[in-house]
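Where a number appears in this text, it was derived from the coordinates with a stated rule and is not lab data. The shown structure was predicted, so the numbers you read here are calculated from the model rather than taken from an experiment. Counting neighbours? That spans all protein chains shown, and the Cβs are built from the backbone with ideal geometry, glycine included.
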Amino acid sequence: MTRREAREAAFILLFEHCFKEDAPEETMALAADAREMKISAFGKGLFEGAVAKLSEVDAALERALIRWEGDRLSRVARAAMRLCVYEMMFTELPAEIAVNEAIELIKRYDGEESASFANGVLGGVDKALKEQA
């Protein structure tokens with residue numbers, strides 16, 4: 001499984017997690033049982049890490065949503081953006097790559113318009129994180 005495939009699996013799990021906020025282990029077990037979903041150690045680490053840091057990730061996203069309420073985001077865009085912000089804040093992955101990966105997921109699952117909006121928000125998060133450093 002490539003890192004991109006593992007990231008996509010983590011994104012799908014985060015999307016599912018927003019419907020029923022089970023423990024990460026339960027979400028992964030349900031995905032494995034229902035769809036025989038396979039997830040690598042890398043993908044599992046991304047998903048579990050993002051869930052563990054969700055309050056910090058969401059706070060960073062909320063600060064970047066200027067004149068826009070976070071609950072108006074589609075669940076698809078929210079899941080991809082959460083994963084991206086987690087990677088920007090808590091991993092060594094360069095922000096440009098994290099943003100690009102998130103935008104590709106959003107384009108694939110939610111459309112171009114949503115991807116354009118997410119790109120602006122994620123750029124704002126990146127800028128704020130660089131200013132804090």
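When the Karplus curve 6.51 cos²θ - 1.76 cosθ + 1.60 is applied with θ = phi - 60°, which whole-Hz ³J(HN,Hα) does each residue of region 108-113 get, with x for Gly and Pro?
In residue order, the calculated couplings are 5, 9, 9, x, 4, 4 Hz.
For region 32-133, state what percent of all Cα-Cα pairs lands in each successive 10 Å bin, counting from 0 Å until the bin that includes the largest distance.
P(r) over region 32-133, rounded to whole percents: 15, 49, 30, 6, 0.
Mind listing which GluC sites (Glu not before Pro) in region 92-133 are in a DSSP loop and have 13 or fewer other Cβ atoms within 10 Å? Write out the running numbers ahead of the final one.
On the way: sites: Glu92, Glu96, Glu101, Glu104, Glu112, Glu113, Glu131; in loops: Glu92.
For GluC sites (Glu not before Pro) across region 92-133 that sit outside H, G, I, E and B with at most 13 neighbouring Cβ atoms in 10 Å, the list reads Glu92.
With a cap of 14 neighbouring Cβ atoms within 10 Å, and only residues DSSP puts in a loop, list the GluC sites (Glu not before Pro) found in region 1-79.
Passing sites in region 1-79 are Glu21, Glu36, Glu69.
Mind pulling the angle between the C-alpha long axis of helix 41-52 and the longest principal axis of the chain? Nearest 10 degrees, somewhere in 0 to 90.
The two axes meet at around 60 degrees.
At most 14 other C-beta atoms within 10 Å and a DSSP loop state: those are the exposed chymotrypsin sites (Phe, Trp or Tyr not before Pro) I care about. Give me the longest piece of the chain that has none.
No qualifying site falls inside 69-133, the longest such stretch.
For every helix of n ≥ 4 consecutive DSSP H residues, a contribution of -39,500 (n - 2.57) applies; sum these over the chain, divide by its total residues, and give [θ] at 222 nm rounded to the nearest 500 deg cm²/dmol.
It lands at -25000 deg cm²/dmol.
Relative to the first principal axis of the alpha-carbon coordinates of the chain, what is the inclination of helix 24-35, with its axis defined by its Cα atoms, in degrees from 0 to 90 and to the nearest 10?
60
Write out the trypsin sites (Lys or Arg not before Pro) in region 46-133 meeting two conditions: DSSP loop, and at most 15 other Cβ atoms within 10 Å of their Cβ.
Arg67
What does the charge count near Ala128 come to, summing +1 for each Lys or Arg and -1 for each Asp or Glu among other residues with Cβ under 12 Å from its Cβ?
Within the 12 Å Cβ shell, the charges total 0.
How far, in degrees from 0 to 90, does helix 75-90 lean away from the longest principal axis of the Cα atoms of the chain, to the nearest 10?
For helix 75-90, the angle is close to 80 degrees.
In terms of the ratio Rg/(2.2 N^0.38 Å) built on C-alpha atoms, what value belongs to region 1-89? Please report the intermediate quantities before stating the final value.
Numbers: Rg = 12.8 Å, N = 89, 2.2 N^0.38 = 12.1 Å.
Compactness ratio reported: 1.06.
Can you give the relative contact order of region 36-133 as a percent, counting alpha carbon pairs under 8 Å and 6+ residues apart?
Relative CO of region 36-133 lands at 29 percent.
Note down the net charge around Glu16, summing +1 for each Lys or Arg and -1 for each Asp or Glu among other residues with Cβ under 11 Å from its Cβ.
Cβ neighbours under 11 Å give a net charge of 0.
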